[in-house]
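J.: So that we are looking at the same thing, I have put the structure below in C-alpha cells.
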C-alpha cells in the first residue's frame, strides 16, 4: 500500500473492507474499491436531501443517516437504529443512486 493511498483511508473504510472471510488479498481489494468509490463523490454531487421525486425512500434514507450519526455519537444503541429497507423498483429508478447520495448527507459529512 503506498503512502498516498493510506492517507486517504479512514477507520470506516477498514470496518467495511476487512473481514476474515475475504482474507488478506480480498480485504485489500475491497479496501481499494471502497476508498475509490468514496473519493469519487465530489462536492458537486447532490446529497439525498437535495434530490426530488424519491418520496418515502428519501425519508427513510435520511432517517437511516440520522440514526447512524446518533449511533456514532453514542446517543442511541445500534439496535434502535434503522438499518435497512428493501428497494424493489424497476431499473433506472434510483436504487443505487439513493444510498450513494445518502453518503453526501450533511450528517455523514460531519
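The values are calculated or read from the model by the stated rules, or taken from the named source; none is laboratory data. None of these values were measured; they are calculated from a predicted model. Reconstructed Cβ throughout: ideal geometry from the backbone, glycine too, with neighbour counts over all protein chains shown.
J.: Based on what the data block shows, is residue 79 over 14 Å from the mean Cα position of the chain (by Cα), in a helix (DSSP H, G or I) and at pLDDT below 75?
T.: Numbers: over 14 Å from the mean Cα position of the chain (by Cα): yes; in a helix (DSSP H, G or I): yes; at pLDDT below 75: yes.
Considered against the rule, which asks whether it is over 14 Å from the mean Cα position of the chain (by Cα), in a helix (DSSP H, G or I) and at pLDDT below 75, residue 79 comes out as yes.
J.: Oh, and also: Please state which of the following conditions residue 40 fails to meet, knowing it meets all the rest: (1) surrounded by fewer than 16 Cβ atoms within 10 Å (Cβ to Cβ); (2) in contact with a helix residue (DSSP H, G or I) (Cβ under 9 Å, 6 or more places away or on another chain).
T.: (2)
J.: May I pose another question? Filter the range 19-34 for residues that are surrounded by 14 or more Cβ atoms within 10 Å (Cβ to Cβ) and assigned to a loop (DSSP other than H, G, I, E, B) and give the result.
T.: 22
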